[in-house]
Structure formats: structure tokens, C-alpha cells
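**Q** Structure in C-alpha cells, see below.
The values are calculated or read from the model by the stated rules, or taken from the named source; none is laboratory data. These figures come from a predicted structure and were not determined experimentally. Ideal geometry is used to build each Cβ from the backbone, glycine not excepted, and the neighbour counts take in all protein chains shown. Side chains included, ligands, DNA and RNA excluded: accessible areas come from the protein's heavy atoms. Shrake-Rupley method; radii C 1.70, N 1.55, O 1.52, S 1.80 Å.
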Amino acid sequence: MTSSLSTTPAAALDQAEIAALRERFPILAREMNGHPLVYLDSGATSQRPTEVLDAERHFATHANAAVHRGAHLLAAEATESFEDARATVAAFIGADERELVWTSGATAALNIIAGAIGNASAGLGGAAAERFGLGPGDEIVVTELEHHANLIPWQQLAARTGATLRHLPVDENGVLSLDAATAVIGDRARILAFAHVSNVTGAIAPVTELVALAQRVGALTVLDACQSVPHLPVDVTELGVDFLVFSGHKMLGPNGIGALWGRRALLDALPPFLTGGSMITIVTLDGAEFLPAPQRFEAGTQPVSQAIALASAVRFLQDVGMDRIHATEAAYGRRLAAGLAAVPGIRLIGPQPGSPRAGLASFDVAGVHAHDVGQFFDDRGIAVRVGHHCAQPLHRRLGLTASTRASSYLYTLESEIEAFLDAAALVGPFFGVGR
Ligand code: PLP
């Protein structure tokens, strides 16, 4: 368990508070297929409150200009808003703003880290970057449960450098074992990349223990925090990782914005991955010198209105309280797990009832394809995610090709969780299985 979760438990939001919060999310008032929308797909993308929608629109309407370039007042104002947004989002994860790089999302952030390490391995970046160089005999370690965004960039890096890709195995429920991790993370490990919270199982990784295993052998740690930063208090100093990534659209923010956080000394020593305008000091026809982080990783025109809207989303989350959001969703996770596990014919994936999990649960209905399960819920206005959730290796390990996932957020009502569970109990009988 991470230390950020080991503080005194906060009070969950009460249902009246959640009902009041929902007023700020116009989309939640919609009906789907003749039923009130029950949105249980926030793990894929979250909904946006009016504050966030207004922040983006206000910037585009009144304050739009190119940042870090123009000599005019409008550009100076836009630059200030953009950098204020960076400070807000960095503070949200306990970071220094010089360590927070804007990206288009978590996928881009992971590709930037892996790509920059690949460039260092190819000899770019000079003496400062030598520490990152990978080659045959070195190992990159991931887990068997990773989202493809935190798997394929490492596969590509291994292919590019000759390093070996290894994985930490999961058990038959898709849960990591620390014993197995201890056996895999050996002296050759140079990078350990893993998800803080699995987007399929909802399991919360033992970050402290995994970081200790990596540090013991001098490996860098990369944390995919896509499913944790939106839902629980995250502090990069407490976690002790070297790099961390997340996406804005999963935390009440817009699409097209995400962040890469890295320790400043590491970011400044890494060569850039994307190159072009806005990230240089001097350019000649033969070469270029680069700005320090974060600009050295922010080539080209940046997603300015999205960054400003993400800062607005962060303020919204802070007003509600991350510890209270986590307490609320942890209770939903427990209820989802217990409710699903009690339904004949349903196999709950991930931590079993009684074990901690985030506010999501995936499951398989024996004899019914996940797409049919999804259709069944949709007919009742309940939006869930079906498929492999960008985690094919995990599904293969579980003996499945697809599963169904219900995921909550701060605007989810207990009555919606119960409506979902009531419907889940009817899936088997509806399709004539599981009796
Ligand atoms: N990692 C995890 C655990 C995710 O859940 C997701 C999105 O589903 C990603 C990475 C990729 O995020 P994005 O598509 O926003 O880049």
C-alpha cells in the first residue's frame, strides 16, 4: 500500500453532496434509450463540469494567443495563464512546476520517456544522457497487467536498443504478487514501468515496495498514474518514483492534454524526443541546443486552452477533496466487487471481495460475449465499457478475450451502483445462462 493511502480515512461524500455536484455536469441529466443515463465509464473518460467547459471557452473567446512567443500583451497574458495552469497541476501532485511537461495525454507522455531514453541509448544527449543508455543485457521490466500505452513503447525501446523486456506476472485474478516481482527485478533491471491502479482490475499497486525493489538495483521507475491521479491523493515525493504520467480527460478535464512529471535532474539530462520550435536556445543549420525541462519536451504549439481547463478541473477536484473522492469510490469498489461476486455465472476480475480496490470492477459473464453484456446494459441506460480495455496480455492471462467494466467517479450515486448491480443479476437469465 502506498503511504498516500495510509493516512486517516476521510469521510465519503454523502449522497446529497453528490446530487449537488451532479448539477454541475449537464450531461448527467441526459436520458439514454428511454432511461436516465447511468454513466459508469469514467475509467475510459470522465465527464466535465460547467466550470471546466467555461474555462476552455473563456480562454478561446477572450484570451487566445500563442504562448512563449508573442511580444504583445495578449500573448503575455496567455503565457501567464498557461504557466499558472502548469503550477496548479504540478502542485496537485506535489511537484515543482519545472518538472511538469505538458503532453497530449498519458500515451504521448510514455512515448516521450521511452523515446528520449532510446535517443540517449543511440548516443544523443552527450555525457549527461549516458546514464540512460540501454543495450543488450539490460532489462526493462513491466507488469503483465499494463495498458498497451505502458507496454508497447517499452517493447519498441527494447527492440531499438537490444535490451530485454521482462514482465512481473499476475495471478489467476490478475493481481500482482510481490514475491514474483522480487524474483524478476534483478541486477540487470534498468527501468521498471507499472500502473498505479489497473484500469481492468482496479487493484492498487504496492508502489512503495516496487520502488524499493527497483531502487535496490538502481533501476528508474515510471508510474502510469492514469487511473490514480483522478481518483486518490497522489504525491510524487511520497511515491518515490522517477517519472509519472496522467491524462486530463480522465480527471474532469478536456481531451488532448496530459502530463509527464519527472525528477528535474533526470528531465534536464534526458535528450528530447520531439523536436522543433519552442524547445531550443540556439539553432544552426547543423545542430541545436535545447532548453531545460519542461520546454525541452514541449516542441511545437501547445494545447493551451486544454491546459487552462485542466487547471480548472484540478481546482474542482481539490474543492471536493481527493481523500473524500477516494473514500467514496473505495466504498463503491467494495460494493461492486461484493455485488458482482454474488451473482451466479459472473466471474469478478481483480481483487476479490474484502481486498482493497479502486472504484471500478471488471467481470465476465460465462457464456455471454462482453459486447452483448454491454448492449444489455446500454438498453437500460447504463454505460459500461466492454472489450479488452487496451490490456490484451492481461485478458489472455485470465483466459478471456474481453470483459465488461463498470467504473465510478465523484458524481456517481449509490443508487446508480445498485441499478447496475440489479441489472447485472439479470444478464445471465436474459441470455439463458448461469442458472
Ligand atoms: N494507462 C491507463 C492505465 C489507462 O487507463 C489509459 C487510458 O485508458 C492510458 C494509460 C492511456 O491514456 P490516454 O489514452 O489518455 O493517453
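**Q** Report relative contact order for the chain in percent, whole number only (criteria: Cα-Cα under 8 Å, sequence separation at least 6).
**A** It rounds to 23 percent for the chain.
**Q** Moving on. Using the heavy atoms of the protein chains and a 1.4 angstrom probe, tell me the accessible area per residue for the range 75-156 in square angstrom.
**A** Computed with neighbouring chains in place, this is 34 Å² per residue.
**Q** Could you pull out every residue, at least 5 positions away or on a different chain, whose amide H is within less than 5 Å of the one on residue 221? Hs are placed 1.01 Å off N in the peptide plane, and Pro or chain starts have none.
**A** 192, 242, 243
**Q** Within the range 237-277, name every residue whose backbone N is under 18 Å away from a label modeled 7 Å from Cα of residue 69 along the Cβ vector.
**A** Counting only backbone N, you get 274-277.
**Q** Let me ask something else about it. Counting only protein heavy atoms and using a 1.4 Å probe, what share of the accessible area of the chain belongs to carbon plus sulfur, as a whole percent?
**A** Looking at the chain in its full context, I get 53 percent from C and S.
**Q** Moving to a separate point now. Relative contact order of the range 308-435: what whole-number percent is it, with Cα pairs under 8 angstrom and at least 6 residues apart?
**A** Normalised by residue count, the contact order of the range 308-435 is 27 percent.
**Q** Report the one residue of 136, 150, 173 whose Cα lies farthest in the direction of the positive end of the charge dipole of the range 136-178 (charges on C-beta: Lys and Arg +1, Asp and Glu -1; origin at the Cα centre).
**A** Value computed over the given set: 136.
**Q** If you don't mind, another one. Give the distance, in whole Å, between the Cα centre of the range 95-128 and the Cα centre of the range 271-336.
**A** Between the Cα centre of the range 95-128 and that of the range 271-336, the gap is 12 Å.
**Q** Which residues' amide hydrogens lie under 5 Å from the amide hydrogen of residue 280, considering only partners 5 or more residues apart or on another chain, with H built in the peptide plane?
**A** Residues meeting the amide H criterion: 291.
**Q** Among 300-310, 375-385, how do they line up by average Cβ neighbours within 10 Å per residue, starting with the highest?
**A** Those peptides, ordered most packed to least, come out 300-310, 375-385.
**Q** On to the next question. For every helix of n ≥ 4 consecutive DSSP H residues, a contribution of -39,500 (n - 2.57) applies; sum these over the chain, divide by its total residues, and give [θ] at 222 nm rounded to the nearest 500 deg cm²/dmol.
**A** -11500 deg cm²/dmol
**Q** What longest range of the chain stays clear of loop-exposed GluC sites (Glu not before Pro) (DSSP non-H/G/I/E/B, at most 15 other C-beta within 10 angstrom)?
**A** 173-435
**Q** Please list 3J(HN,Hα) in residue order for the range 133-147, calculated via the Karplus relation 6.51 cos²θ - 1.76 cosθ + 1.60 where θ = phi - 60°; whole Hz, with x for glycine and proline.
**A** These are the phi-based 3J(HN,Hα) values: x, 10, x, x, x, 7, 10, 10, 10, 10, 10, 6, 9, 5, 4 Hz.
**Q** Sticking with this one: Any idea how far the Cα center of the range 136-174 sits from the one of the range 390-435, in Å?
**A** 28
**Q** Return the long-range amide H neighbours of residue 168 (sequence gap of 5 or more, or a different chain), with a cut-off of under 5 Å between placed amide H atoms.
**A** 142, 143, 144
**Q** Follow-up question, since we're still on this one. If you project the alpha carbons of the chain onto the principal axes, what extent comes out on each, in Å, largest first?
**A** Result for the chain: principal-axis Cα extents of 72, 55, 39 Å.
**Q** Further question on the same structure: Quick check on the range 53-318: of the DSSP beta bridges with both residues there, what percent are antiparallel, nearest 5%?
**A** Rounded to the nearest five, the antiparallel share is 45 percent.
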